[in-house]
Amino acid sequence: MERIDEIDRRELIDYYLEGERWRKNVNIPAGRGVLNWEDPNALDDWLKGNNYKHGIITGFKRWVYVRLTKDDLMDCAIVNTIFPNTSQRLGDHAITPDLQEWEPPEDKIWYEPLSQGKVDERFAVILRPACKSERDQKAKLYVEDGSGRMTCYFRALMNGNKESQMTGYLGLEPDVKSDFVTNKFSEFVTQQPHFPM
């Protein structure tokens, strides 16, 4: 994993919202300019109220922008709906028919380019350190936003045997004021998260 830059929560949320606007062709709702960027719970409420993902992206104060190696991708846990009832660790699917046959449930702007191994900065994923249940599956990271993009690109890497150019934003500093983090990921607050860097 190559560390490229460090950003704060506001920059991460701006990236996420702009990505959603571009990938889904939707407008960003009004009100972003008056948000309290120091209050993770108010940010969560705004994101939830506008039907965006919430929780982790507001629950970390600082983020690091990284370039992920093929090994990093193998050690990522993805959402469990992509390969149901099996390991979430992407590397466990490196040579399975499930990986070769997987397609997103609807048409996605990223599917063709990533299927050919072509990376765009707008395809960067949002990551957090793996929690205990994911570490039990030998994962080091969890893909909070972009499991489909990661899966598609991983397949192209496995088929083409190339080096990874995938980038991502990794949560670096959990916010103890975040109700989401303290309730769902108390291990991140009570002990230092396991960062694979």
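The values are calculated or read from the model by the stated rules, or taken from the named source; none is laboratory data. Every value quoted in this text rests on a predicted model; they were computed, and no experiment measured them. Cβ: placed from backbone, ideal geometry, glycine included. Neighbour counts: every protein chain shown.
Residue under question is Asn51, and the condition is that it be over 24 Å from Arg155 (Cβ atoms), of a type in the set (S, T, N, Q) and without any contact (Cβ under 8 Å) to a residue 24 or more places away in the chain; does it hold?
Considered against the rule, which asks whether it is over 24 Å from Arg155 (Cβ atoms), of a type in the set (S, T, N, Q) and without any contact (Cβ under 8 Å) to a residue 24 or more places away in the chain, Asn51 comes out as yes.
For Phe60, are the conditions met, namely being farther than 21 Å from Gly19 by Cβ, aromatic (Phe, Trp, Tyr) and buried (at least 18 other Cβ atoms within 10 Å of the Cβ)?
Numbers: farther than 21 Å from Gly19 by Cβ: no; aromatic (Phe, Trp, Tyr): yes; buried (at least 18 other Cβ atoms within 10 Å of the Cβ): yes.
So Phe60 fails the test.
For the stretch 38-125, please list each of the helices (runs of 4 or more DSSP H) lying entirely inside it that holds at least 1 residues being more than 15 Å from Ser147 (Cα to Cα) and among the β-branched types (Val, Ile, Thr).
Output list reads 56-59.
How many of the residues making up the stretch 4-57 are surrounded by fewer than 12 Cβ atoms within 10 Å (Cβ to Cβ) and among the basic types (Lys, Arg)?
1
Working only within the stretch 13-34, note down all residues that are over 14 Å from Arg122 (Cβ atoms) and at pLDDT 90 or above. Before the answer, list the steps.
Taking the stretch 13-34 as the starting set, the residues that turn out to be over 14 Å from Arg122 (Cβ atoms) are 13, 26-34.
The one that is over 14 Å from Arg122 (Cβ atoms) and at pLDDT 90 or above: Ile13.
Within the stretch 70-89, identify whether any single residue is polar (S, T, N, Q), touching a Leu at 6+ places or on another chain (Cβ under 8 Å) and either without any contact (Cβ under 8 Å) to a residue 60 or more places away in the chain or within 19 Å of Ala130 (Cα to Cα) (or both), and answer yes or no.
No: zero hits.
From Val189, Val176, grab the single residue that is at pLDDT 90 or above, of a type in the set (Val, Ile, Thr) and more than 20 Å from Val66 (Cβ to Cβ).
Working: Val189 fails: at pLDDT 90 or above.
Answer to the selection: Val176.
In the stretch 138-197, how many are β-branched (Val, Ile, Thr) and either in contact with a strand residue (DSSP E or B) (Cβ under 7 Å, 6 or more places away or on another chain) or assigned to a loop (DSSP other than H, G, I, E, B) (or both)?
Taking the stretch 138-197 and keeping what is β-branched (Val, Ile, Thr), we get 143, 151, 167, 176, 181-182, 189-190.
Adding the requirement that they be either in contact with a strand residue (DSSP E or B) (Cβ under 7 Å, 6 or more places away or on another chain) or assigned to a loop (DSSP other than H, G, I, E, B) (or both) leaves 143, 167, 176, 181, 189.
Going through the stretch 138-197 one residue at a time, the tally reaches 5.
Output yes when any residue across the stretch 44-67 is of a type in the set (Asp, Glu), closer than 22 Å to Thr167 by Cα and out of contact with any Gly (no Cβ under 9 Å at 6 or more places or on another chain), and no when none is.
no
Residue-by-condition table, conditions (1) touching a strand residue (DSSP E or B) at 6+ places or on another chain (Cβ under 9 Å); (2) exposed (fewer than 12 other Cβ atoms within 10 Å of the Cβ):
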residue	(1), (2)
Thr86	no, no
His93	no, no
Leu99	no, no
Pro104	no, no
Ile109	no, no
Phe123	yes, no
Arg128	yes, no
Asp136	no, yes
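Taking the residues in the stretch 140-166 that are more than 19 Å from Glu112 (Cβ to Cβ) and buried (at least 18 other Cβ atoms within 10 Å of the Cβ) as candidates, determine which candidate is farthest from the chain's Cα centre (by Cα). If you could, list the steps in order and put the result at the bottom.
Taking the stretch 140-166 and keeping what is more than 19 Å from Glu112 (Cβ to Cβ), we get 140-145, 161, 163.
Cutting the leftovers down to buried (at least 18 other Cβ atoms within 10 Å of the Cβ) gives us 140-145.
Values: Lys140: 13, Leu141: 9, Tyr142: 7, Val143: 4, Glu144: 4, Asp145: 4 Å.
Filtering first and then ranking leaves Lys140.
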